[in-house]
Amino acid sequence: MRRATGKDRRGCHRRVGVIDERDFDATMPLKTMQLPPAIWFVVPIAMVIAVIAPFDVAFTAVTMHSAVLRAAVIAIVALIGAAVAGRLGLRLEGHGVRSPVVVGVAFALAVAIYVALLDGIGFRWLLPADYVTFLRTPLPSRFSYFMLRAFNENVIYRLFVFPLLTWAALRTVGRKAPVALVILACAILTQMLNIGTNVVAPSAEPLTAVRLIYDVLRYVLPGTLWALVFWRYGFVIAEVASVTCHLFLQPLFSVLI
């Protein structure tokens, strides 16, 4: 199916929601950027989740363990991220195919199967004991923990860090590198920052070559995929994919672990 097209300033048709050099203007001031309507769906949910728990290590430190600060900061983070994303041509609402939500659910199922096989079979011996214990707790508690965490992880890293990093990279390299390559690199770097902060740094386990390979396969690849889903199909669809993933993944863990 062909993607929807729009017209640029010269009247030429182009694919909307896809960053290219014509979309990017690093000199445009932030105050002139318009916020998409979907952000007013994302922000309240993110604020409620932030009040419930911070989840992210860096976010906890910045907000000084204050629920009020967490709610305020996550709202600011989401609004800034949405503004910069819009400037880059990244869209929040689903787009690109007739049923983008179905695409999101398909990605969720595929990643759930991949991660379940990785943790339940491929690297079962490497899983920390406390992680295995938690994966044996009742499903409702795991659903609430992982799905709430996934939603705000997307807000912080996919909606905020990823567009800002992409904006800075494109401003630096301009037309010297293919835009798609810049986007991919920024998606990977964003997830590496996330995992370095929330998985590698707090871990008491020694960082061996095998564990590093596992972390890349288990955490970096799925997180990078969510950023690319945001790029191609919209941020809301990235949220659908990463949050819904746990509806499939946690029952699979109950069987395999």
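The values are calculated or read from the model by the stated rules, or taken from the named source; none is laboratory data. Everything numeric in this text was worked out from a predicted model, so none of it was measured. Virtual Cβ from ideal backbone geometry, glycine too; neighbours counted across all protein chains shown.
If you go through the range 31-88 and keep only what is of a type in the set (Val, Ile, Thr) and outside any helix (DSSP H, G or I), you end up with just 63. Counting only helices (runs of 4 or more DSSP H) that fall entirely inside the range 118-178 and contain at least 1 residues that are crowded, with 19+ Cβ neighbours inside 10 Å and touching a helix residue (DSSP H, G or I) at 6+ places or on another chain (Cβ under 8 Å), the qualifying elements are 139-153, 162-173. Residues in the range 31-41: is at least one closer than 23 Å to residue 191 by Cβ, at pLDDT 90 or above and surrounded by 14 or more Cβ atoms within 10 Å (Cβ to Cβ)? Among the residues of the range 31-41, at least one is closer than 23 Å to residue 191 by Cβ, at pLDDT 90 or above and surrounded by 14 or more Cβ atoms within 10 Å (Cβ to Cβ), which makes the answer yes. When we screen 129, 50, 78 for residues that are at pLDDT below 95 and among the small types (Gly, Ala, Ser), the only hit is 129.
Going by what's in this entry, would residue 86 be described as within 18 Å of residue 187 (Cα to Cα), small (Gly, Ala, Ser) and more than 15 Å from the chain's Cα centre (by Cα)? Yes, satisfied. Across the range 118-152, the number of residues qualifying as more than 16 Å from the chain's Cα centre (by Cα), touching a residue at least 40 places away in the same chain (Cβ under 8 Å) and under 24 Å from residue 239 (Cβ atoms) comes to 6.
Give just the number: which of (1) in contact (Cβ under 8 Å) with a residue 60 or more places away in the chain; (2) part of a helix (DSSP H, G or I) does residue 93 not satisfy? The one condition residue 93 does not meet is (2). Evaluation of residue 206 against the conditions (1) modelled with pLDDT under 95; (2) under 28 Å from residue 79 (Cβ atoms) shows that the sole unmet condition is (2). Of the residues making up the range 229-244, none is loosely packed, with under 15 Cβ neighbours inside 10 Å and either touching a Cys at 6+ places or on another chain (Cβ under 9 Å) or in a helix (DSSP H, G or I) (or both).
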